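Student: Take this structure first; my questions come after.
The values are calculated or read from the model by the stated rules, or taken from the named source; none is laboratory data. Predicted, not measured: the structure shown is a model, and the values here were computed from it. For neighbour counting, all protein chains shown are included, and Cβ atoms are generated from backbone atoms with ideal geometry for every residue, glycine included. These area figures cover heavy atoms from the full protein model, side chains too; ligands, DNA and RNA do not enter into them. Shrake-Rupley method; radii C 1.70, N 1.55, O 1.52, S 1.80 Å.
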Amino acid sequence: MPSRSALRPLLRFVKLQLASSQPQRYFSSTVLKAESPSQPTNHERTTHFGFETVAEAEKEARVAGVFSNVASSYDTMNDFMSLGIHRLWKDHFVRSINPGISSTSPSTGWKMLDIAGGTGDIAFRLLDHCTNINNSPQSTITISDINPSMLAEGQKRSLQTSYANSPRLDFLVANAEHLDTVPSNSVDLYTVAFGIRNFTNKEQALREAYRVLKPGGLFACLEFSGVTNPLLDAMYKRWSFGVIPLIGQLVAADRASYQYLVESIEKFPKQQQFRDMIRDAGFMVPGKGWEDLTGGIAAIHKGIKPVEKS
């Protein structure tokens, strides 16, 4: 996590920029337009890329461009953008799952799949919890990402862990909407953290999550969501749209990618709507279906694949 002294010069500069700026307009008309994309025709299915409407076939390539650009600085940027709070959210997310827990002794271990997990930030936490909390060294995880640059970053970081080059950890380049190499009913836990909002077809990704999970398996998602307090929401929007792209420019020399990231947060379904999408995919949803973090800036959603009655 960045130290306070490291953050102070950056935050002073940001405050000066905000003080001299015009009131923020919460949209962007030009995001990642090095080349002018073609407009979707009447026959093409469309989706959102930030605040733009683009053809579905185009979104995947443009999202890939974003994450190729930010791969090496992704977690550092998350530290600056959230002042380290994303680490607390991720720790709580993993504790709430309690991976590796077993009612049998010895445990057979969990088979876990972390989607859009490129840098390994969630996967390494899950393995640590299995090993250190639930004494489950048999538990394994596959880190899957559509972007090879993000996976390469995760592989590099894995070398600093005890899981490098072990059978407990592997990597898979795959589209979450078409997990063709993952067998049905094969996974105990499917996680996705700060990734599903970038998917082209979220409903299809949820159906794939349902397919690959074993009966009784858990779908767990950590994602930016809808702020519940109007005052906090206004402050958060000003921070998101006024500051985060600026930090992206200063720290990663890439304003446009981070402009897209904040716009994608704004377009993502709010808590109740996303809960209903999970339920529509076939999952049983425990309780109200989500847990708000930091006033709804982020939320944890869970779904359980039903066990078929014999």
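Student: Go over the candidates Gln249, Gln273 one by one and state the one that is closer than 13 Å to Met77 by Cα, open to solvent by 50 Å² or more (accessible area, probe 1.4 Å) and in a helix (DSSP H, G or I). So that I can check it myself, show each step before the final result.
Tutor: Numbers: Gln273 fails: closer than 13 Å to Met77 by Cα.
Residue meeting the stated conditions: Gln249.
Student: I'd like the residue in the stretch 191-211 that is modelled with pLDDT of 95 or more and among the basic types (Lys, Arg) and, out of all such residues, is farthest from Glu266 (Cα to Cα).
Tutor: Of everything passing the filter in the stretch 191-211, Arg211 is farthest from Glu266 (Cα to Cα).
Student: Please verify whether the stretch 143-155 includes one or more residues that are charged (D, E, K, R) and buried (at least 19 other Cβ atoms within 10 Å of the Cβ).
Tutor: If we filter the stretch 143-155 for residues that are charged (D, E, K, R), which is where we start, we get 145, 153.
Filter once more, so that each one left must be buried (at least 19 other Cβ atoms within 10 Å of the Cβ): 145, 153.
Yes: the stretch 143-155 contains one or more residues that are charged (D, E, K, R) and buried (at least 19 other Cβ atoms within 10 Å of the Cβ).
Student: Are any residues in the stretch 277-305 β-branched (Val, Ile, Thr), part of a loop (DSSP other than H, G, I, E, B) and more than 28 Å from Ala234 (Cα to Cα), and if so, which ones?
Tutor: Within the stretch 277-305, just Val285 meets the criteria.
Student: Can you tell me how many residues in the stretch 73-113 are under 13 Å from Thr191 (Cα atoms), out of contact with any Gly (no Cβ under 8 Å at 6 or more places or on another chain) and touching a residue at least 60 places away in the same chain (Cβ under 8 Å)?
Tutor: 8
Student: Answer yes if at least one residue in the stretch 289-306 is surrounded by fewer than 14 Cβ atoms within 10 Å (Cβ to Cβ) and more than 21 Å from His92 (Cα to Cα), and no otherwise.
Tutor: Pass one, the stretch 289-306, residues surrounded by fewer than 14 Cβ atoms within 10 Å (Cβ to Cβ): 306.
From the residues that got through so far, the ones that are more than 21 Å from His92 (Cα to Cα) too are 306.
Scanning the stretch 289-306 turns up at least one residue that is surrounded by fewer than 14 Cβ atoms within 10 Å (Cβ to Cβ) and more than 21 Å from His92 (Cα to Cα).
Student: Going through the stretch 186-206 one residue at a time, which ones are touching a helix residue (DSSP H, G or I) at 6+ places or on another chain (Cβ under 9 Å), open to solvent by 10 Å² or more (accessible area, probe 1.4 Å) and either assigned to a loop (DSSP other than H, G, I, E, B) or not acidic (Asp, Glu) (or both)?
Tutor: As a first pass, look at the stretch 186-206 and keep what is touching a helix residue (DSSP H, G or I) at 6+ places or on another chain (Cβ under 9 Å): 186-187, 189-194, 196-203, 205-206.
In the following step, the residues that additionally are open to solvent by 10 Å² or more (accessible area, probe 1.4 Å) were identified as 186, 193-194, 197-203.
Selection gives Ser186, Ala193, Phe194, Arg197, Asn198, Phe199, Thr200, Asn201, Lys202.
Student: Restricting the stretch 169-185 to residues that are in a loop (DSSP other than H, G, I, E, B) and in contact with a Gly (Cβ under 9 Å, 6 or more places away or on another chain), which is surrounded by the most Cβ atoms within 10 Å (Cβ to Cβ)?
Tutor: Within the stretch 169-185, the match that is surrounded by the most Cβ atoms within 10 Å (Cβ to Cβ) is Ala176.
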